Amino acid sequence: MLPGAVREQVIKQIASLERSGEFVPARVVTDEGTLKGSWYVLAADAERIPVLERSWSGRTTLLSPFDTLIRDRARAEALFGMRYRIEIYVPPKKRQYGYFAMPILHNDALIARVDPRVDREQDAFVVNAVHLQPGVKRERATGLALARALDDLAQFTGVSRVSVPAGAGLPGLR
């Protein structure tokens, strides 16, 4: 929540952008229904929404804990139903998901968290654990998509392979 004076300024700026036509009100619909609150979209982007609804195709990627999609934790929880918190400052025994757990965006849903680490000595991107969200189906296609995303991140971090523990949670993962 923003401090009172800042919140008032934001509300005034949003109203000004709405009056000018730069912002248009939006309705956000999830599997659970329409989200409460005020939501806006840039007018230029609103024109593209019908095209996106017809031709959009998703992908699978791991999100940094600082990614703008999830940076506003309350908004991310409202939109995706995942309560995400970074645990780097949590004592190891109290961590639920891992030191630098990364949310997995699969198509248009946050489906899991991966607890990764890079092992330079072994030249490997090590997956300590995969924590699926409740209700996520353990499908081979999802596991294969996650495997590709892990391969991409391993390459980005400069290691040559991915190491996933047996029983990591998804068929097709390794």
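The values are calculated or read from the model by the stated rules, or taken from the named source; none is laboratory data. Since the structure is predicted, the reported quantities are computational estimates derived from the model, not experimental observations. Because the Cβ atoms are built from the backbone with ideal geometry, glycine has one as well, and the counts that use them run over all protein chains shown. Note: accessible area is taken over every heavy atom of the protein model, side chains too, but ligands, DNA and RNA are not part of it. Shrake-Rupley method; radii C 1.70, N 1.55, O 1.52, S 1.80 Å.
Can you tell me which residue is least open to solvent (accessible area, probe 1.4 Å) among those in the range 81-104 that are in contact with a Ser or Thr (Cβ under 8 Å, 6 or more places away or on another chain) and closer than 23 Å to ALA154 by Cβ?
Quick first cut of the range 81-104, residues in contact with a Ser or Thr (Cβ under 8 Å, 6 or more places away or on another chain) only: 81, 102, 104.
Okay, now just the ones that are also closer than 23 Å to ALA154 by Cβ, so 102, 104.
Values: MET102: 18, ILE104: 0 Å².
Among those that are in contact with a Ser or Thr (Cβ under 8 Å, 6 or more places away or on another chain) and closer than 23 Å to ALA154 by Cβ, it is ILE104.
Yes/no matrix, rows are residues, columns are (1) free of Cβ contacts under 8 Å to residues at least 12 places away in the same chain; (2) part of a loop (DSSP other than H, G, I, E, B); (3) more than 23 Å from LEU144 (Cα to Cα); (4) not aromatic (Phe, Trp, Tyr):
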{"residue": "LYS36", "(1), (2), (3), (4)": "yes, yes, yes, yes"}
{"residue": "VAL51", "(1), (2), (3), (4)": "yes, no, yes, yes"}
{"residue": "GLY58", "(1), (2), (3), (4)": "no, yes, no, yes"}
{"residue": "THR68", "(1), (2), (3), (4)": "yes, yes, yes, yes"}
{"residue": "ARG75", "(1), (2), (3), (4)": "yes, no, yes, yes"}
{"residue": "MET82", "(1), (2), (3), (4)": "no, yes, no, yes"}
{"residue": "VAL90", "(1), (2), (3), (4)": "yes, yes, yes, yes"}
{"residue": "GLY98", "(1), (2), (3), (4)": "no, yes, no, yes"}
{"residue": "PRO103", "(1), (2), (3), (4)": "no, no, no, yes"}
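In the set VAL162, VAL127, VAL136, which member is surrounded by 12 or more Cβ atoms within 10 Å (Cβ to Cβ), assigned to a loop (DSSP other than H, G, I, E, B) and either acidic (Asp, Glu) or at pLDDT 90 or above (or both)?
Details: VAL162 fails: assigned to a loop (DSSP other than H, G, I, E, B); VAL127 fails: assigned to a loop (DSSP other than H, G, I, E, B).
It is VAL136.
Look through the range 105-124, keep the residues that are closer than 17 Å to THR68 by Cα, in contact (Cβ under 8 Å) with a residue 40 or more places away in the chain and part of a strand (DSSP E or B), and return whichever of them is least open to solvent (accessible area, probe 1.4 Å).
It comes out as LEU110.
Specify which of the listed residues (THR68, THR142) is under 20 Å from LEU170 (Cα atoms) and polar (S, T, N, Q).
Details: THR68 fails: under 20 Å from LEU170 (Cα atoms).
From the options THR68, THR142, the qualifying one is THR142.
Looking at (1) out of contact with any strand residue (DSSP E or B) (no Cβ under 7 Å at 6 or more places or on another chain); (2) more than 24 Å from THR68 (Cβ to Cβ); (3) open to solvent by 40 Å² or more (accessible area, probe 1.4 Å); (4) of a type outside the set (A, V, I, L, M, F, W, C), which is the one condition that is false for GLN155?
The number of the failed condition is (2).
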